[in-house]
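Here the structure is laid out as structure tokens; the discussion comes afterwards.
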Amino acid sequence: SLVPMLHWMNLKLTITWIPSLTILHLNVTVASKNRNEYQYYWRAKKMYGLTKDQLNEMLVEQDNRCKICRDPFIGKRPCLDHCHSRGVFRGLLCDSCNKGLGDFKDNIQSLLRAADYLNESLSETTQSKKKVDTCPDYIR
């Protein structure tokens, strides 16, 4: 029977009878609570050829963490990161890291300059902290 199969696939069947046209209209939609999950896996398959099992294997390989910042994907669905110029899937990232790469337009030179900038400010902060630590107690 069609109905148990649709229920198993989390699909909803709507049947509409239109008497004036003598048409029986069938509409199959994804149940609303599972729509986002369905669309996520459908997109992974359509755009990158990745199955749900392959994505789950990647999650295990990445210890259920973002490939860049290593934050866990607790209660969050990982972003399907891809190269915008070639359309090739790269990995599973958190939303922040995925947006960050997008904001830098996947430009490696800009990302390296940003890393240098952060390192410079970190070393300046460390140096100023050392200066404070060497001040006499009565100045603090």
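With θ taken as phi - 60° and the Karplus curve 6.51 cos²θ - 1.76 cosθ + 1.60 applied, the whole-hertz 3J(HN,Hα) list for region 85-98 is 7, 10, x, 8, 5, 10, x, 9, 10, 6, 4, 4, 5, 5 Hz, x standing for glycine and proline. Taken about its Cα centre, region 54-127 carries a charge dipole of about 260 debye when Lys and Arg each add +1 at the Cβ and Asp and Glu each add -1 at the Cβ. In order along region 102-111, phi translates into HN-Hα couplings of x, 5, 8, 6, 6, 8, 5, 4, 5, 5 Hz, rounded to whole numbers, per the Karplus curve 6.51 cos²θ - 1.76 cosθ + 1.60 with θ = phi - 60° and x for Gly and Pro.
Compute the signed sum of charges (Lys and Arg +1, Asp and Glu -1) over the other residues within less than 13 Å, Cβ to Cβ, of Gln62.
Values: positive: Arg65, Lys67, Arg70, Arg90; negative: Glu57, Glu61, Asp63, Asp71, Asp81.
Net charge in that neighbourhood comes out at -1.
Counted by Cβ distance under 13 Å from Gly100, the other residues give a net charge of -2, where Lys and Arg count +1 and Asp and Glu count -1.
Bear in mind these aren't lab numbers, they're just calculated from the coordinates by the rules spelled out. Owing to the predicted nature of the structure, the values given are computational and were not obtained by experimental measurement. Quick reminder, even Gly has a Cβ in these numbers, built from the backbone with ideal geometry, and neighbours come from all protein chains shown.
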